[in-house]
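Values quoted throughout were computed directly from the atomic coordinates according to the rules given, and no laboratory measurement underlies them. Just so it is clear, the structure is predicted and the values come from calculations on it, not from any experiment. Note that we place each Cβ from the backbone using ideal geometry, even for glycine, and neighbour counts take in every protein chain shown.
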Amino acid sequence: MSRSLRTFAVAVLATVALPLSSAVAQGAFTPGSKLVSVGLLSDNGTGVAGSFEYSLLELAPNLTLGIGGTVGYFSQDAGVIGKFTSLPILANGNVHLALPDVPQLDLYGGIAVGIVRYSYDSNFNFPGDNDLYSDSDTVVGFNIGGRWMFTPKFGAFAQLGLGDVPELYLGGSLKF
């Protein structure tokens with residue numbers, strides 16, 4: 001995904017999210033928070049993902065450590081030759097920054113480690129297995145993101161990845 005498309009996606013999310021806020025949250029990610037997020041992924045194809053994060057402990061005033069996991073599915077059509085798919089399964093650790101003047105905003109950054117299952121399915125009929133390429137790989141990556149809580153329980157997020165994690169992850173979050 002190009003840098004200009006990522007910048008555009010973040011700008012659209014911010015433009016839509018800020019005016020729609022109608023309720024002040026009691027802090028977007030405070031100690032004891034649990035977040036379930038679902039969204040769209042982009043990284044060498046398009047996909048979907050779901051994630052869970054738990055607020056483990058307060059590191060300092062306005063800094064909270066969260067841990068969790070993400071599972072996703074990517075698909076990229078390679079035209080007449082076949083289809084590429086991948087299934088990332090990641091453990092995440094993020095540090096969340098709360099801004100006291102803007103309690104609806106959750107800024108975070110962290111690391112993700114896990115495995116990704118890759119496969120390539122050919123459209124051609126070769127003798128034997130059509131699954132010409134299938135493998136698993138250990139991955140490590142970094143991410144930064146932001147979440148805007150429209151209400152104390154519902155928000156939207158945008159996350160950019162670096163390394164072996166999805167480049168762009170956009171979606172909605174439920175806090176409980």
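Which value, to two decimals, describes the C-alpha radius of gyration of region 64-171 once divided by 2.2 N^0.38 Å?
Details: Rg = 18.0 Å, N = 108, 2.2 N^0.38 = 13.0 Å.
Compared with the compact-globule rule of thumb, region 64-171 sits at 1.38.
How many nm separate the modelled label positions at residue 65 and residue 80, each set 7 Å beyond the Cα in the direction of the Cβ?
Modelled inter-label distance: 5.6 nm.
With a point put 7 Å past each Cα toward its Cβ, work out how far residue 176 is from residue 46 in nm, to one decimal.
Distance between label points: 2.9 nm.
What size of dipole, in debye to the nearest 20, comes out for region 42-176 about its Cα centre when the only charges are +1 on Lys and Arg C-beta atoms and -1 on Asp and Glu C-beta atoms?
Working: 5 positive and 13 negative charges, 90 e Å.
Value, rounded to 20: 440 debye.
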